[in-house]
Amino acid sequence: MNVVVVGPPRCGKTQLVHAICGVKTAQQLRPTTCVSHMACTLQNTQFILWDTPGCLGHCIPNLAEGIVSDCDVAIVCYDGRRCWSPVELVKTIGKHRCYIYLTQPCAFNALFAYETFDLCSSLFNLVPIHVYKDSMLCDILSTMSDLHEPCPEDEMRLVDSV
Ligand SMILES: Nc1nc2c(ncn2[C@@H]2O[C@H](COP(=O)(O)OP(=O)(O)OP(=O)(O)O)[C@@H](O)[C@H]2O)c(=O)[nH]1
Ligand SMILES: [Mg+2]
């Protein structure tokens, strides 16, 4: 499963990728300037985690556009800064494959709260917001396995074709 991690500069994207893959992180990380990936296996599923440079405003960095459009899931990191909200990025990427991850447990601002409410109520679909990486990964795994489970109609077609 390809998972891309996006968000504004210095919000904790690289730290999250390292934490998920169990890599020890230097205390001060340098700004990410290219797209890179790390792999890990969780519950028998291989995850490829793609780290990206910080978004300027609500734009996906040019270097990351390809992987953002190809990935199965996007984790939109947010650290609570007032001048930025993850909602525009979620709309651009597509709410059906986005998870918002709060890198600071108390990450919050009024714009974020207002826009998130608007996003949920106007599109009739909730975008999951997580503060714990492990529960976010479980959520991603269970959603993806639901998506890949054959529906009864598919099973019937299979039986028919035998
Ligand atoms: N205390 C704490 N510090 C964090 C956390 N995440 C990141 N940091 C610190 O914030 C700084 C930036 O973290 P990065 O993971 O490099 O952030 P980034 O979003 O990858 O930054 P860019 O690549 O520059 O866009 C680092 O010095 C980290 O030590 C966190 O969850 N808790
Ligand atoms: Mg980084």
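The values are calculated or read from the model by the stated rules, or taken from the named source; none is laboratory data. Since the model is a prediction, treat every value here as computed from it, not as a measurement. Reconstructed Cβ throughout: ideal geometry from the backbone, glycine too, with neighbour counts over all protein chains shown.
Based on this model, can you work out whether LEU102 counts as more than 16 Å from ligand 2 (Cβ to nearest atom), in contact with a Ser or Thr (Cβ under 7 Å, 6 or more places away or on another chain) and at pLDDT 90 or above? Considered against the rule, which asks whether it is more than 16 Å from ligand 2 (Cβ to nearest atom), in contact with a Ser or Thr (Cβ under 7 Å, 6 or more places away or on another chain) and at pLDDT 90 or above, LEU102 comes out as no. Restrict the check to the range 40-59 and report whether at least one residue is in contact with a Gly (Cβ under 7 Å, 6 or more places away or on another chain) and more than 17 Å from PRO8 (Cα to Cα). For the range 40-59, residues in contact with a Gly (Cβ under 7 Å, 6 or more places away or on another chain) and more than 17 Å from PRO8 (Cα to Cα): present. Taking the criterion of being more than 13 Å from ligand 2 (Cβ to nearest atom), within 20 Å of ILE93 (Cβ to Cβ) and of a type in the set (S, T, N, Q), the only residue of the range 3-62 that qualifies is ASN62.
Looking only at residues in the range 74-103 that are more than 17 Å from CYS59 (Cβ to Cβ) and in contact (Cβ under 8 Å) with a residue 40 or more places away in the chain, the one that is farthest from ligand 1 (Cβ to nearest atom) is TYR99.
Taken as a whole, the range 36-59 holds no residue that is of a type in the set (Gly, Ala, Ser), modelled with pLDDT of 85 or more and assigned to a helix (DSSP H, G or I).
If only residues of the range 17-35 that are part of a loop (DSSP other than H, G, I, E, B) and of a type in the set (Val, Ile, Thr) are counted, the one that is surrounded by the most Cβ atoms within 10 Å (Cβ to Cβ) is THR32.
For the range 80-94, the criterion of being surrounded by 21 or more Cβ atoms within 10 Å (Cβ to Cβ), touching a Cys at 6+ places or on another chain (Cβ under 8 Å), within 23 Å of SER135 (Cα to Cα) and among the small types (Gly, Ala, Ser) is satisfied by no residue at all. When ALA113 is tested against (1) away from ligand 2 (no atom under 16 Å from the Cβ); (2) outside any strand (DSSP E or B); (3) within 22 Å of MET144 (Cα to Cα), exactly one condition is not met: (3).
Residue-wise test of (1) more than 23 Å from VAL87 (Cβ to Cβ); (2) out of contact with any helix residue (DSSP H, G or I) (no Cβ under 8 Å at 6 or more places or on another chain); (3) near ligand 1 (Cβ under 8 Å from one of its atoms).
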residue: VAL4; (1), (2), (3): no, no, no
residue: CYS11; (1), (2), (3): no, yes, yes
residue: THR14; (1), (2), (3): no, yes, yes
residue: LEU29; (1), (2), (3): yes, no, yes
residue: THR41; (1), (2), (3): yes, yes, no
residue: ILE48; (1), (2), (3): yes, yes, no
residue: PRO53; (1), (2), (3): no, no, yes
residue: ILE60; (1), (2), (3): no, no, no
residue: ILE67; (1), (2), (3): no, yes, no
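Here ALA74 fulfils each of the conditions (1) surrounded by fewer than 16 Cβ atoms within 10 Å (Cβ to Cβ); (2) in a strand (DSSP E or B) apart from (1). Residues in the range 60-83 that are polar (S, T, N, Q) and either modelled with pLDDT under 95 or closer than 19 Å to HIS96 by Cβ (or both): SER69 alone. The residues of the range 6-16 that are crowded, with 24+ Cβ neighbours inside 10 Å, touching an Asp or Glu at 6+ places or on another chain (Cβ under 9 Å) and either in a strand (DSSP E or B) or hydrophobic (A, V, I, L, M, F, W, C) (or both) amount to a single one, CYS11.
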